[in-house]
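J.: Below you will find the structure I want to go over with you.
The values are calculated or read from the model by the stated rules, or taken from the named source; none is laboratory data. Quantities reported herein were computed from a predicted structural model and do not represent experimental measurements. Here Cβ is always computed from backbone atoms with ideal geometry, including for glycine, and neighbour counts include all displayed protein chains.
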Amino acid sequence: MTDIKFFNRWTGEGVTVVDPGLIQYITVQPKVISKTGARYAKDRFHKSNVFIVERLVTKLMNSGHRSKKHFMSSGHNTGKKNHALKVVEKALAMAEQKLKQNPLVILVKAVENAAPREEVIAIEYGGARYPKAVDIAPQRRIDLALRNMTQGAYLKSFNKKTSVEDALADELVNAYQSSARSNAIAKKRDMERQASSSK
């Protein structure tokens, strides 16, 4: 039986999740086309069983949100999953060229490096609000890492000469190397620094 290749180019052979907290939540079993059509959306924790590349593609389709403000238009790619799939395929190919590694290894390591462990919430006590540091659930850690990566790619490419494929490839490579040039790594360190000072 032949191994399934995602995008008909790369296999998932030898790809493992090192972070013990994320092992159950990152699926590295490749699919030929990363497009489930959200048929599992009604199931709780369904995202854990969705291929990690597809989760990146889905995040890429929603570039416009930060808090409740649309800081850039997402109209050019909303609902166009085939367009987002092509962007991710090109970005993974560029990342593979730069690091000479299986792009799935690069993506998984980048997500592990960029997933924040703590964040700050506000609790109300006696009519006053106080910041409190809390641990982040594994599912949310992955969501935040993917969101910060895609938003970082759009920040570097929106209304600029850099293409989104180049920006996403740079973001993946920098996150893989735990470089502060990655938007996701910078956000993670900022969140953990705030949480540390709120203890």
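J.: Go through the stretch 77-115 and give me each residue that's on the phi < 0 side of the Ramachandran plot, of a type in the set (D, E, K, R) and in a loop (DSSP other than H, G, I, E, B).
T.: Of everything in the stretch 77-115, just one residue is on the phi < 0 side of the Ramachandran plot, of a type in the set (D, E, K, R) and in a loop (DSSP other than H, G, I, E, B), namely LYS80.
J.: For the stretch 1-54, which residues satisfy the criterion of being part of a loop (DSSP other than H, G, I, E, B), closer than 18 Å to ALA110 by Cβ and touching a Gly at 6+ places or on another chain (Cβ under 8 Å)?
T.: The answer is VAL28, PRO30.
J.: Could you check the stretch 1-53 and list, in sequence order, the residues that are among the β-branched types (Val, Ile, Thr), crowded, with 17+ Cβ neighbours inside 10 Å and out of contact with any Phe, Trp or Tyr (no Cβ under 8 Å at 6 or more places or on another chain)?
T.: Scanning the stretch 1-53 gives VAL15, VAL17, ILE26, ILE52.
J.: On to the next question. Would you check if there is a residue in the stretch 177-187 being modelled with pLDDT of 90 or more, in contact with a Pro (Cβ under 9 Å, 6 or more places away or on another chain), surrounded by fewer than 16 Cβ atoms within 10 Å (Cβ to Cβ) and not small (Gly, Ala, Ser)?
T.: no
J.: Whether any residue in the stretch 109-117 is among the basic types (Lys, Arg), surrounded by fewer than 20 Cβ atoms within 10 Å (Cβ to Cβ), at pLDDT 90 or above and touching a strand residue (DSSP E or B) at 6+ places or on another chain (Cβ under 9 Å) is what I want to check.
T.: Yes: the stretch 109-117 contains one or more residues that are among the basic types (Lys, Arg), surrounded by fewer than 20 Cβ atoms within 10 Å (Cβ to Cβ), at pLDDT 90 or above and touching a strand residue (DSSP E or B) at 6+ places or on another chain (Cβ under 9 Å).
Residues are listed down the side, and each one gets a yes or a no for (1) surrounded by 14 or more Cβ atoms within 10 Å (Cβ to Cβ); (2) touching a helix residue (DSSP H, G or I) at 6+ places or on another chain (Cβ under 9 Å); (3) in a loop (DSSP other than H, G, I, E, B):
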{"residue": "VAL120", "(1), (2), (3)": "yes, yes, no"}
{"residue": "ARG129", "(1), (2), (3)": "no, no, no"}
{"residue": "ILE142", "(1), (2), (3)": "yes, yes, no"}
{"residue": "LYS161", "(1), (2), (3)": "no, no, yes"}
{"residue": "ASP170", "(1), (2), (3)": "yes, yes, no"}
{"residue": "ARG193", "(1), (2), (3)": "no, no, no"}
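Matching residues to (1) over 14 Å from the mean Cα position of the chain (by Cα); (2) over 21 Å from PRO103 (Cα atoms):
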residue: LEU155; (1), (2): yes, yes
residue: SER163; (1), (2): yes, no
residue: LYS187; (1), (2): no, yes
residue: LYS199; (1), (2): yes, yes
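J.: Return yes when ALA128 is within 30 Å of GLN29 (Cβ to Cβ) and out of contact with any strand residue (DSSP E or B) (no Cβ under 7 Å at 6 or more places or on another chain) and no when it is not.
T.: Working: within 30 Å of GLN29 (Cβ to Cβ): no; out of contact with any strand residue (DSSP E or B) (no Cβ under 7 Å at 6 or more places or on another chain): yes.
No; evaluated as a whole, the condition is false for this residue.
J.: Looking only at the stretch 144-154, which residues are among the hydrophobic types (A, V, I, L, M, F, W, C) and surrounded by 22 or more Cβ atoms within 10 Å (Cβ to Cβ)?
T.: Taking the stretch 144-154 first, the residues among the hydrophobic types (A, V, I, L, M, F, W, C) are 144-146, 149, 153.
Matches in the stretch 144-154: ALA145, LEU146, MET149, ALA153.
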